[in-house]
Amino acid sequence: MATLSKRSCLKFLLHLAQDNLDFRLPEIKALLAVRGKPFHPDENFKEKSPFWCLDGLCEDDVRAIMARSVCAKSAFELWGHGETHSDLQTSLLNYPLENMSPFMHKDSTYRINVYTFNKTLEFTDRIKRIDALEYLPFEGTVSLKRAQHIFCLLEDYGTDPNNIPDNPYYVYFGRWIADGQRELIRSHSVKNRHFIGNTSMDAGLSFIMANHAKVKENDVVFDPFVGTGSLLVACSHFGAYVCGIDIDYNTIHGRGRSSRKNQKWRGPDENIRANLRQYGTEKMYLDVMVSDASKSVWRNAALFDAIITDPPYGIRESTRRTGSHKDIPRPPDAIYLESHVPVSLAYHLNDIFTDLLNFSAHHLVMGGRLVYWLPVYRPEYSEEMVPLHPCLQLVSNCEQTLSSHTARRLITMEKIKEPQEFDSLAHLADSRFRPYQGHNAFREKYFSGLNKRCGKEDNKSDVNGE
């Protein structure tokens with residue numbers, strides 16, 4: 001019982017990927033929250049570092065994180081660490097022997113890997129690093145191909161490739177537990193997907209969004225701007241039932257011009273269902289339908305465990321909604337015939353996000369999450385531009401830079417209370433309500449910055465005589 005007690009207080013080391021840095025902490029926090037665990041970083045925790053030390057967890061918790069995470073590469077049971085190899089040796093010699101012995105007995109096989117961040121070591125230097133660990137009481141047999149236990153010495157040489165120190169800033173040693181799900185980025189690449197469009201979401205970001213939303217097995221997930229269903233693919237991979245709507249008839253039915261190079265028209269089986277079939281998750285597909293997100297067709301009783309979406313910004317896909325001729329502003333003396341034929345109207349970003357937050361407040365289960373992208377013009381961005389709702393708590397706000405002047409922010413919100421029946425004035429007076437404070441004309445902002453940049457490049461070309 002004493003051994004079990006000590007092993008319940010282990011520390012763990014996460015080796016993180018160095019892309020999408022802003023998304024890593026919210027992903028790990030969300031995956032821990034799925035298991036009901038708080039986030040306890042080590043005192044040496046640095047948010048931008050490739051290595052995080054965590055405590056207060058058990059090995060099953062760590063394996064559960066690595067079974068989902070696309071931001072983490074590997075996880076280790078941390079046996080020792082320090083600023084120098086001498087500090088590491090002291091730390092390892094002070095580590096409880098009863099915690100080591102189950103993995104070092106004479107009937108076991110093992111191997112030791114050496115990993116260096118921001119520096120490449122020669123093979124001979126790696127061997128020297130391994131030989132220097134002879135003070136560890138390994139009694140088993142070395143096996144390079146089929147080792148029962150894998151150990152790793154990790155050296156951190158900082159993040160500046162132009163200023164690599166001779167000695168590492170920090171060193172770690174631990175037992176390998178599991179790898180993350182980085183392979184999903186390759187296996188689910190949009191390049192190899194059966195059905196794609198102009199705005200199909202990157203595979204890695206799709207899985208990050210699903211993790212931020214705490215999507216789990218048997219959840220029901222909804223995307224109100226479903227497009228070609230990239231987010232449905234990611235959520236179905238984690239065992240959720242998925243559905244969505246989109247105003248674009250051709251996209252929902254897989255018709256019209258293809259987005260692929262050297263292909264004029266979409267094929268007969270290019271649709272969202274086929275995408276899920278491609279990855280073996282067709283059984284999780286509920287349905288998608290042509291519908292206008294500004295006019296909800298759902299009954300009040302319809303509830304979702306998560307709402308995940310990438311609303312249109314007006315760059316590659318137009319922002320539009322349905323309406324009638326009565327909705328089109330006209331001069332008072334204008335004469336026109338009444339018509340019941342629907343027309344396409346502009347759907348401004350402030351209306352899109354107001355509708356999205358209101359819909360989520362009514363149709364998320366308590367504790368359910370809304371995850372969506374918010375486009376921003378970077379020179380004028382402030383946190384006050386992020387819309388708020390009294391029923392939704394802001395969980396995280398992560399930036400992905402698109403250009404020098406534009407970005408999009410991944411907003412994660414969690415439902416904390418049911419909406420009340422109050423009039424619109426009371427709603428607006430609530431300090432927890434804040435409409436979108438950005439630009440309805442994001443498209444114009446985007447292209448104005450693009451034109452300015454292109455203009456500078458043209459002038460530079462003229463100066464260089466090219």
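Quick look at the numbers
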{"item": "The range 354-387, subset more than 22 Å from A33 (Cα to Cα) and aliphatic (A, V, I, L, M), residue nearest to the chain's Cα centre (by Cα)", "result": "L374"}
{"item": "Total residues in the range 76-93, condition of a type in the set (G, A, S) and out of contact with any Leu (no Cβ under 7 Å at 6 or more places or on another chain)", "result": "2"}
{"item": "Exclusive hit being in contact with a strand residue (DSSP E or B) (Cβ under 8 Å, 6 or more places away or on another chain) and more than 30 Å from F238 (Cβ to Cβ), set D107, D55, D87, D42", "result": "D87"}
{"item": "Lone unmet requirement of (1) buried (at least 16 other Cβ atoms within 10 Å of the Cβ); (2) at pLDDT 95 or above for L93", "result": "(1)"}
{"item": "Residue identified as under 25 Å from F353 (Cβ atoms) and of a type in the set (S, T, N, Q) among S230, S236, S258, S187", "result": "S230"}
{"item": "Condition met for A274 (among the hydrophobic types (A, V, I, L, M, F, W, C), part of a helix (DSSP H, G or I) and at pLDDT below 95)", "result": "yes"}
{"item": "Test: residue in the range 182-198 that is in contact with a helix residue (DSSP H, G or I) (Cβ under 6 Å, 6 or more places away or on another chain) and within 22 Å of K29 (Cβ to Cβ)", "result": "yes"}
{"item": "Options I130, I164, I177, I150: the member that is in the same structural domain as F103 (by TED's automatic domain parsing) and more than 27 Å from M104 (Cα to Cα)", "result": "I164"}
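The values are calculated or read from the model by the stated rules, or taken from the named source; none is laboratory data. Model, not experiment: these values are computed from the prediction. Here the Cβ is made from the backbone with ideal geometry for all residues, glycine too, and neighbour counts use every protein chain on show.
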